[in-house]
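Here the structure comes first, spelled out in structure tokens, and everything after it is commentary.
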Amino acid sequence: MSQSQNKSQRPSAVILGAQWGDEGKGKIVDVLSEKFDIVARYAGGHNAGHTVIIHGKKFVLQLIPCGVLRPGCKGVIGNGVVLDPQAFLNEVKKLREAGLPVDEQLFVSNRAQVILPYHRMIELAAETAPGRQTIGTTRRGIGPAYEDKIHRNGLRVIDLLNNSLLRTHINNACHEKNTIAHALFGTEPLDPRQMYEEYARLAEQIAPFVTDTAYLLNNAIDQGQNVMFEGAQGALLDIDHGTYPFVTSSSSTAGGAVTGTGVGPTKIGTVIGVTKAYVTRVGEGPFPTEISDASGELLRARGQEYGAVTGRPRRCGWLDIPLLRYSNMINATEWLVVTKMDVMDECPEIPVCTSYKIDGKVTDIIPADIRGFEKIEPIYTTLKGWMAPTEGITEYDKLPKLAQEYLEFVSRESGAKIGMISTGPDRVQTMTQPGFDEALG
């Protein structure tokens with residue numbers, strides 16, 4: 001705990017994806033939320049998909065923090081998130097139908113940016129335009145909404161609740177966006193009157209959830225409650241530190257938890273990175289350890305590697321230690337959670353990339369540009385596979401010896417302690433390592 005923290009404060013934590021997203025953060029946030037009073041989402045939009053399975057029942061959350069699935073745990077959507085009102089209310093409806101007290105547990109920042117239909121129009125047109133570089137977005141308007149935020153021309157949730165301001169904003173924005181989209185892509189114009197009427201109705205339904213979440217979170221911490229800051233996507237998709245330009249539009253690293261919620265860094269006790277026992281990536285972009293043979297198909301089939309939001313098949317590859325070290329460095333990751341160990345139960349050999357060769361030189365420094373990634377020759381250390389079932393094992397000593405050796409190798413090479421291991425999709429298929437529970441209070 002930081003020296004500047006009040007001694008009465010319980011340690012809060014950031015939990016984020018250590019790779020390119022899809023590491024199983026949803027399950028891990030759900031498991032750990034038992035130890036936290038509040039789960040606060042700090043970045044991204046409904047392009048994220050966190051899947052949680054509780055006693056065989058599946059929940060897919062895109063905007064709402066996974067903590068709301070726990071009785072008494074509050075969920076906060078922070079100012080760093082871009083909010084699609086329709087997507088948000090659809091999720092709320094499903095949770096209400098499941099009997100969850102979402103109306104008492106969920107809060108939305110009045111400073112979060114709002115996604116409007118013209119954001120989706122612009123992104124879809126740009127991604128499908130001839131001659132344009134395809135980034136591989138979900139086409140849900142996330143990037144254009146963040147563009148408007150940085151351009152200081154966005155609509156915030158607090159503005160959504162002001163009918164007069166909302167009407168003026170939509171009229172002005174539609175005039176501008178319709179003109180641009182038609183000129184660049186030949187897109188048909190959107191109707192500002194119809195848009196205003198729809199979003200004024202949505203605003204009435206969202207209003208009860210809206211508050212100043214920075215005050216809520218800081219007051220809660222000062223009163224001895226603890227907060228889990230939930231990331232979206234993964235560290236290697238961060239707008240600054242990821243594999244640019246094949247990245248997301250927000251700060252998905254630990255620093256985003258500070259700017260995306262209004263809670264200062266000295267109030268956060270630790271950072272937890274979630275990594276698969278291998279690596280996957282959805283969409284375009286560099287992937288040094290991608291597998292193009294039958295081993296990749298085996299991992300995809302056993303791991304059910306298809307996007308929770310898009311359904312797109314994920315690209316699969318062997319664990320990349322240089323990328324994991326880099327992720328641990330930029331996030332100051334103290335603990336790792338390793339997921340999907342059971343997926344590799346049928347691998348007779350498991351190559352792990354431990355360094356790179358670039359232009360004939362051995363290095364573990366991550367290139368800043370795509371051209372550098374294209375020159376990477378992975379250097380592998382091959383470990384023996386355990387060739388035994390691990391699904392559902394909840395005690396470390398009961399894991400096959402070779403599986404234990406794999407985990408110890410990952411911890412040693414990456415420089416972070418392994419605090420938790422997941423051996424299946426359900427909440428109960430999880431084991432905790434010594435010292436991890438104590439670190440979370």
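Number of residues in the stretch 416-430 that are surrounded by fewer than 17 Cβ atoms within 10 Å (Cβ to Cβ) and modelled with pLDDT of 95 or more: the value is 1. Only one entry of G285, G317 meets the criterion of being among the small types (G, A, S) and at pLDDT 95 or above, and that entry is G317. Restricting the stretch 314-327 to residues that are open to solvent by 10 Å² or more (accessible area, probe 1.4 Å) and part of a loop (DSSP other than H, G, I, E, B), the residue that is farthest from Y356 (Cα to Cα) is R314.
Of everything in the stretch 157-178 that's among the polar types (S, T, N, Q) and farther than 19 Å from A125 by Cβ, which residue is most open to solvent (accessible area, probe 1.4 Å)?
Step one: of the stretch 157-178, the residues among the polar types (S, T, N, Q) are 162-164, 168, 171-172, 178.
Keeping just the survivors that are farther than 19 Å from A125 by Cβ gives 162-164, 168, 171-172.
Working: N162: 69, N163: 78, S164: 83, T168: 74, N171: 71, N172: 98 Å².
Once the filter is applied, the top-ranked residue is N172.
Residues of the stretch 355-388 that are in contact with a helix residue (DSSP H, G or I) (Cβ under 7 Å, 6 or more places away or on another chain), surrounded by fewer than 17 Cβ atoms within 10 Å (Cβ to Cβ) and farther than 20 Å from V410 by Cα: I358 alone. Within the stretch 173-213, the set of residues being under 14 Å from V157 (Cα atoms) and either of a type in the set (S, T, Y) or touching a residue at least 60 places away in the same chain (Cβ under 8 Å) (or both) comprises Y199, L202, A203, Q205, I206, P208, F209, V210, T211, D212, T213.
Taken over the stretch 329-354, the criterion of being buried (at least 17 other Cβ atoms within 10 Å of the Cβ) and part of a loop (DSSP other than H, G, I, E, B) is satisfied by T333, E334, K340, D345, C347. Of the numbered criteria (1) part of a loop (DSSP other than H, G, I, E, B); (2) modelled with pLDDT under 95, the one A301 fails is (1). Residues that are over 21 Å from G141 (Cβ atoms) and either surrounded by fewer than 24 Cβ atoms within 10 Å (Cβ to Cβ) or basic (K, R) (or both) within the stretch 53-80 comprise I53, I54, H55, G56, K57, K58, F59, R70, P71, G72, C73, K74, listed in sequence order.
Selection of the stretch 370-415 for residues being touching a residue at least 60 places away in the same chain (Cβ under 8 Å) and among the charged types (D, E, K, R) yields E374, E413.
Of the listed requirements (1) without any contact (Cβ under 8 Å) to a residue 24 or more places away in the chain; (2) buried (at least 17 other Cβ atoms within 10 Å of the Cβ); (3) farther than 29 Å from R140 by Cα; (4) charged (D, E, K, R), R300 misses just one: (3).
If I ask for residues that are in a helix (DSSP H, G or I), under 30 Å from D191 (Cβ atoms) and over 19 Å from the mean Cα position of the chain (by Cα), which ones from the stretch 63-121 would you list?
Initially, the stretch 63-121 is screened for residues in a helix (DSSP H, G or I), giving 66-69, 85-97, 102-105, 117-121.
Filter once more, so that each one left must be under 30 Å from D191 (Cβ atoms): 85-94, 117-121.
If the condition is that a residue be in a helix (DSSP H, G or I), under 30 Å from D191 (Cβ atoms) and over 19 Å from the mean Cα position of the chain (by Cα), then P85, Q86, L89, N90, V92, K93, K94, P117, Y118, H119, R120, M121 are the ones that fit.
The residues on offer are E377, E413, E405, and the sole one that is closer than 26 Å to D240 by Cβ and among the charged types (D, E, K, R) is E413. The residues of the stretch 392-404 that are more than 20 Å from K35 (Cβ to Cβ) and surrounded by 14 or more Cβ atoms within 10 Å (Cβ to Cβ), listed by number, are I393, L399, P400, L402, A403, Q404.
Can you confirm whether the stretch 388-396 contains a residue that is more than 16 Å from D342 (Cβ to Cβ) and not acidic (D, E)? Before you say what the answer is, go through the steps one by one.
So in the stretch 388-396, the residues more than 16 Å from D342 (Cβ to Cβ) come out as none.
Within the stretch 388-396, none of the residues are more than 16 Å from D342 (Cβ to Cβ) and not acidic (D, E).
G311 fulfils the conditions (1) open to solvent by 30 Å² or more (accessible area, probe 1.4 Å); (2) in a strand (DSSP E or B) except for a single criterion, (2).
The values are calculated or read from the model by the stated rules, or taken from the named source; none is laboratory data. Values in this document were obtained by computation on a predicted structure and should not be read as measured data. FYI the Cβ positions are ideal-geometry reconstructions off the backbone, even for glycines, and counts take in every protein chain you see. For accessibility, only protein heavy atoms count, side chains too; no ligands or nucleic acids. Shrake-Rupley method; radii C 1.70, N 1.55, O 1.52, S 1.80 Å.
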